[in-house]
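Report on the structure given below.
The values are calculated or read from the model by the stated rules, or taken from the named source; none is laboratory data. Given the structure is predicted, the values throughout are model-derived calculations rather than measurements. Cβ atoms come from the backbone with ideal geometry, glycine included; neighbour counts cover every protein chain shown.
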Protein chains: 2
Amino acid sequence: MKDAGPIDHQNCGECPIRHRAVCARCETDELAQLERIKYYRSFEAGQTVVWSGDRMDFVASVVSGIATLTQTLEDGRRQMVGLLLPSDFVGRPGREIAAYDVTATTDLVMCCFRKKPFEEMMLRTPHISQRLLEMTLDELDAAREWMLLLGRKTAREKIASLLAIVARRDATLKLRGVAGPLEFELPLTREAMADYLGLTLETVSRQISALRRDSVISLEGKRRVSVPDFGRLLEEAGDDSDGGYLN
Amino acid sequence: MKDAGPIDHQNCGECPIRHRAVCARCETDELAQLERIKYYRSFEAGQTVVWSGDRMDFVASVVSGIATLTQTLEDGRRQMVGLLLPSDFVGRPGREIAAYDVTATTDLVMCCFRKKPFEEMMLRTPHISQRLLEMTLDELDAAREWMLLLGRKTAREKIASLLAIVARRDATLKLRGVAGPLEFELPLTREAMADYLGLTLETVSRQISALRRDSVISLEGKRRVSVPDFGRLLEEAGDDSDGGYLN
DNA sequence: CGATTGCCTTGACGCAGATCAAACCCGTCA
DNA sequence: TGACGGGTTTGATCTGCGTCAAGGCAATCG
């Protein structure tokens with residue numbers, strides 16, 4: 001467990017997620033209070049951040065990298081229930097015990113707050129709880145969209161939807177125009193995708209091959225995807241046949 | 001559209017959902033403010049409350065009855081993404097346009113608040129936004145549990161899980177002891193169950209028959225279910241083989 | 001009263017995706 | 001250089017659930 005990485009006590013003002021995380025609405029003095037209870041932790045790809053059922057005495061924001069939330073049945077069937085990207089929030093104020101496994105799928109840096117002081121601060125600081133409410137409502141919407149995918153979409157549609165989500169996120173990060181073929185790196189193994197989509201890894205692999213055969217996408221290596229026609233990908237995803245706006 | 005039912009301007013102090021809804025934490029004066037912007041609406045079983053995509057100028061609490069949130073793909077595949085019970089909250093502050101279809105599955109009474117004034121009041125009244133945050137976090141947990149069900153459970157497990165949820169809710173409402181066979185009424189048609197579980201209605205029907213054949217449950221009529229051994233039902237549901245505490 | 005309608009059950013059959021199994025690719029290590 | 005291992009692909013076969021179709025039951029209506 002390499003922990004407590006190289007980054008130490010970064011200034012909130014220069015933080016890359018300053019304007020999207022729980023702290024987005026905070027004033028300078030509020031940031032100063034947060035600085036006092038925060039600390040960074042780093043994880044290598046593959047490491048577990050928390051186990052479901054463990055005591056969890058912090059909440060955190062993802063600063064960089066990607067983490068996943070998963071649930072498991074006793075016989076080992078697994079379902080991913082959240083994909084955590086930079087600025088996303090981990091943990092639940094008021095909860096002692098972690099409800100999900102949290103795993104780093106890439107190298108990961110998190111900005112952690114000791115839970116007790118954070119909860120106290122929330123009571124005094126509407127800027128924090130307002131922002132958290134907003135983020136939670138967004139996550140709920142995302143979860144519901146995911147329920148539609150899990151309950152009703154075909155394997156091919158599921159894959160196309162996942163690719164569309166990753167592509168869209170990547171495009172907004174890079175702020176490059178809508179024009180030209182999108183290109184991005186898949187941050188997940190085939191198995192992780194399967195866990196996310198409620199499929200087996202074999203089916204994931206087959207459907208990716210099929211999309212490639214039908215030239216909806218093309219691959220360089222196993223992880224690098226390029227999408228010549230994003231509208232086409234969205235059609236394959238099944239939801240808004242139209243709606244081809246990026247973001 | 002029979003609307004604006006018989007109930008008119010009930011006193012918040014005597015409201016059956018007073019202590020579980022968004023208003024749960026409000027003081028007397030805050031309730032008074034809410035009373036000024038609230039109004040009741042009634043719907044008959046089967047009526048649509050809001051269509052996805054429609055402008056929605058109120059938010060609301062379910063007072064009595066049951067409503068559902070559903071999403072639909074253009075080709076008609078439907079997935080229920082929420083089951084709204086008394087005290088649950090409908091609508092999203094800050095959102096103009098409804099994201100889901102809301103339908104009354106039983107006769108339904110809702111306590112509505114005009115959206116604009118409600119949003120303004122939220123800014124001044126931490127008691128409301130705190131409670132809403134808590135409720136939203138609970139819903140998010142429920143949605144994630146549902147993702148596990150949709151992605152990884154078999155048809156039989158899905159049915160058993162749904163029955164367990166309804167049974168549990170019913171038991172807490174009636175506050176009757178854990179002893180004796182549980183009995184309750186299914187508030188959903190086979191089709192609605194199918195939409196909830198990501199199955200077809202035929203499969204729902206077959207699996208209910210199968211659970212009856214295996215005497216996990218017994219039926220009186222098509223809707224009244226009794227469960228001789230709740231632990232057995234939980235085993236069939238697949239999650240906590242143990243965990244047989246009611247609530 | 002029979003006819004209609006809404007909801008549910010049951011059967012026969014087919015297919016999408018799971019399962020089982022083998023092999024491939026590529027980076028790392030001895 | 002060759003062996004190893006993790007991630008991935010592909011093939012063959014099996015099966016749970018969807019699809020299509022027929023009919024049953026109970027409430028309501030003319």
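In segment B:208-228, the count of residues that are touching a residue at least 40 places away in the same chain (Cβ under 8 Å), touching a strand residue (DSSP E or B) at 6+ places or on another chain (Cβ under 7 Å) and polar (S, T, N, Q) is one or more.
For segment A:71-93, a tally of residues being surrounded by fewer than 19 Cβ atoms within 10 Å (Cβ to Cβ) and of a type in the set (A, V, I, L, M) returns 2.
The set of residues in segment B:36-55 being more than 18 Å from B:L108 (Cα to Cα) and either surrounded by 15 or more Cβ atoms within 10 Å (Cβ to Cβ) or touching a Gly at 6+ places or on another chain (Cβ under 6 Å) (or both) consists of B:I37, B:S52. Within segment A:94-124, the set of residues being over 19 Å from A:R55 (Cα atoms), at the interface with another protein chain (Cβ under 10 Å from one of its Cβ atoms) and crowded, with 19+ Cβ neighbours inside 10 Å comprises A:M122 only.
Could you tell me whether any residue of segment A:58-74 is among the charged types (D, E, K, R) and within 14 Å of another protein chain (Cβ to nearest Cβ)? Please lay out each step first, then the result.
So in segment A:58-74, the residues among the charged types (D, E, K, R) come out as A:74.
Now restrict to residues that are within 14 Å of another protein chain (Cβ to nearest Cβ): A:74.
The answer is yes; a qualifying residue exists.
Applying the condition of being of a type in the set (A, V, I, L, M, F, W, C) and farther than 11 Å from A:L182 by Cα to segment A:209-228 and asking which residue is nearest to DNA strand D (Cβ to nearest atom) yields A:L219.
The number of residues in segment A:151-171 that are touching a helix residue (DSSP H, G or I) at 6+ places or on another chain (Cβ under 8 Å), under 17 Å from A:R190 (Cα atoms) and of a type outside the set (K, R) comes to 9. Annotation for segment A:83-97: at least one member residue is modelled with pLDDT of 95 or more, in a strand (DSSP E or B), closer than 29 Å to A:G231 by Cα and in the same structural domain as A:R36 (by TED's automatic domain parsing). Would you check if there is a residue in segment B:194-206 being more than 25 Å from B:T70 (Cβ to Cβ), near DNA strand C (Cβ under 9 Å from one of its atoms) and charged (D, E, K, R)? Looking through segment B:194-206, none of the residues is more than 25 Å from B:T70 (Cβ to Cβ), near DNA strand C (Cβ under 9 Å from one of its atoms) and charged (D, E, K, R).
Scanning segment B:144-203 for residues that are acidic (D, E) and either in contact with a Leu (Cβ under 6 Å, 6 or more places away or on another chain) or away from every other protein chain (no Cβ under 14 Å) (or both) turns up B:D170, B:E183, B:E185, B:E191, B:E202.
Across segment B:13-33, which residue is nearest to B:P86 (Cα to Cα) among those that are in a loop (DSSP other than H, G, I, E, B) and out of contact with any strand residue (DSSP E or B) (no Cβ under 8 Å at 6 or more places or on another chain)? Full working, then the answer.
Here is the first cut: in segment B:13-33, the ones in a loop (DSSP other than H, G, I, E, B) are B:15-27.
With out of contact with any strand residue (DSSP E or B) (no Cβ under 8 Å at 6 or more places or on another chain) added as a condition, the list becomes B:18-20, B:24-27.
Details: B:R18: 10, B:H19: 11, B:R20: 9, B:A24: 13, B:R25: 17, B:C26: 18, B:E27: 21 Å.
Among those residues, the one meeting the criterion is B:R20.
Restricting to segment B:193-235, give me the number of residues that are acidic (D, E) and either over 25 Å from B:L84 (Cα atoms) or in the same structural domain as B:Q79 (by TED's automatic domain parsing) (or both). So the answer is 4. The single condition among (1) at pLDDT below 95; (2) of a type in the set (G, A, S); (3) more than 17 Å from the chain's Cα centre (by Cα) that B:S52 does not meet is (1).
The residue that is surrounded by the fewest Cβ atoms within 10 Å (Cβ to Cβ), counting only those in segment A:212-242 that are closer than 24 Å to B:G76 by Cβ and more than 14 Å from chain B (Cβ to nearest Cβ), is A:G231.
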